[in-house]
Amino acid sequence: MNKKKIINDPVYGFINIPSELVFDLISHPYFQRLRYIKQLGMTHLVYPGALHTRFHHALGAMHLMSLAIEVLRSKGHPISKEEEEAATIAILLHDIGHGPFSHALEHTLVNGIKHEDISMLMMQKLNVEFGGRLTEAINIFKGDYPKKFLPQLVSGQLDLDRMDYLNRDSFFTGVSEGVISFDRIIKMFNVLDDQLVIEEKGIYSIENFLIARRLMYWQVYLHKTVVAGEYLLVKILERAKELSGHGEVLFATPALQHFLRNEVREEEFFSFEIHLAQFSKLDDQDIFASVKVWADHSDRILAQLCQMFIRRSLYKVEISSTAPDLDRLQRIKENTADMMKLNAHEVSYFVFTDIIENRAYNAGSGNINILLKNNTIIDIAKASDLSNLESLDKTVTKHILCYPRII
């Protein structure tokens, strides 16, 4: 069988599957599951075109890795065929541990277990299945590799993961502020002392990349309607989990049922194979099918939340720099309880607060270093003549208040 396939990607055009091992990994059920998990969760509620998948994204990041390695080789940095394949596999599988609507799942069904850790576990399982051929890829994924620039291409301040999702998400949402010069940035890649650096000529493209990332967070990823949709799903799963905990048998696929019925904490998830086996069968369809059925459930809280979800009758969300006034919050809770005939516990499904954070650049976690013409390096925040670039290194925290639109 010919495994050197060509895929037509809407963002980059034709991209190649570079080796038989990569083809076999893409064909594996763990990876194929990503076809049925949207990259941007609830974002299609605001931007109808945002229906692309994590499968799309992983293939795009793999393609960018091939471009980056070609550039670095052309500049005299030795990268063996084995290292190229390992780096390609590491970026291909970097998101394999994502569940459907990761934000909602990590808050409810899998109790704070990070998708990066699940990706690591899946890669280790695949390594056993493929006779140890993923060992080098796993070391690169973990950041435990002598040539530090290879892990930095997979996970860092300027990694190929971010480069693809900014490019791809702006393409499918139509938000032009997220467009970046990915090809120019990659052509400016270089290596000094085994660290990934950017040649001085690329400084403006990097400035644009960081500003685009910040704008995409506020305009797309943390758009208040997207936030409303994600929190609504969190509350639906919380209610379903609560009912299941009280012995109620809800309609659900076997995979979803497993996580509704069982309190799966981190230690248990990584100790018992049944949890990963069920997790690896979960995708968006499990969630949507259940929500449609739960909309007619006898529990009026669950039914109401699911009907809101289906009708896109989302929470009203207020985002501010300061915490909501406690007296006003109490009044909203009381009004909601009176209008919807809810007790104090039930009202927490409809009125609540939380915080969201945005940090476009974390200088303390793998700086973006600019390679000057005199062969010295300087951090992008210092090298840039944009006065607002240093402010991107600060975490911006916003407070959110959610409540029903009828209030």
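The table below lists the values:
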{"quantity": "Peptide ranges 157-168, 207-218 listed from the most packed, as the mean C-beta count within 10 angstrom indicates", "calculated": "157-168, 207-218"}
{"quantity": "Stretch gain in nm, segment A277-D9, where the contour uses 0.36 nm per residue and the Cα spacing is subtracted", "calculated": "93.5 nm"}
{"quantity": "DSSP beta bridge pairing in the chain, given as percent antiparallel to the nearest 5", "calculated": "90"}
{"quantity": "Neighbourhood net charge (11 Å Cβ-Cβ; Lys/Arg +1, Asp/Glu -1) for D299", "calculated": "-2"}
{"quantity": "Partner aspartates and glutamates for K341 [C-alpha distance under 19 Å; skip if fewer than 8 residues away on the same chain]", "calculated": "D296, D299"}
{"quantity": "Listed candidates [x] 26.8, 93; [y] 20.8, 81; [z] 22.7, 72 - label of the one calculated as Rg and Dmax of the Cα atoms in Å", "calculated": "[z]"}
{"quantity": "Length released on extending from R265 to D144, taking residue separation times 0.36 nm less the Cα-Cα span", "calculated": "40.9 nm"}
{"quantity": "Region 261-347 - charge dipole about Cα centre, Lys and Arg +1 at Cβ, Asp and Glu -1, debye rounded to 20", "calculated": "520"}
{"quantity": "Relative packing of peptides 130-138, 97-105 - highest average C-beta neighbours within 10 Å first", "calculated": "97-105, 130-138"}
{"quantity": "Per-peptide average of other Cβ atoms within 10 Å, ordering 76-85, 190-199, 220-229 highest first", "calculated": "220-229, 190-199, 76-85"}
{"quantity": "Eligible lysines near K373 by straight Cα distance, threshold 17 Å, same-chain separation 8 or greater", "calculated": "K75, K187, K201, K382"}
{"quantity": "Charge dipole (debye, nearest 20) of the chain; +1 at Cβ of Lys and Arg, -1 at Cβ of Asp and Glu", "calculated": "920"}
{"quantity": "Three-way shape call for region 91-178 based on the alpha-carbon gyration tensor, with the a/c threshold at 1.5", "calculated": "oblate"}
{"quantity": "Centroid-to-centroid separation of region 151-222 and region 235-254 [C-alpha atoms, Å]", "calculated": "40"}
{"quantity": "Vicinal HN-Hα couplings computed from phi for region 354-359 (Karplus, 6.51 cos²θ - 1.76 cosθ + 1.60; Hz; Gly/Pro x)", "calculated": "6, 10, 10, 10, 9, 9"}
{"quantity": "222 nm mean residue ellipticity, helices alone, for the chain (DSSP H n ≥ 4; -39,500 (n - 2.57); rounded to 500)", "calculated": "-14500 deg cm²/dmol"}
{"quantity": "Angle between the chain longest axis and helix 326-340 axis [Cα atoms, degrees, rounded to 10]", "calculated": "60"}
{"quantity": "Efficiency of FRET from Cβ geometry, Q285 and V396, R₀ 25 Å, rounded to 0.05", "calculated": "0.10"}
{"quantity": "Cα-based helix-to-principal-axis angle, 54-74 vs the chain, degrees rounded to 10", "calculated": "20"}
{"quantity": "Proximal charge balance of S205 [Cβ under 14 Å; K/R count +1, D/E count -1]", "calculated": "+1"}
{"quantity": "Relative contact order (percent, whole number), region 66-136, Cα cutoff 8 Å, 6+ residue spacing", "calculated": "28"}
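Coordinate-derived values only; no laboratory data. Computed from a predicted model, the values in this text were never measured in an experiment. Positions of Cβ are generated from backbone atoms using ideal geometry, with glycine treated the same way; all protein chains shown enter the neighbour counts.
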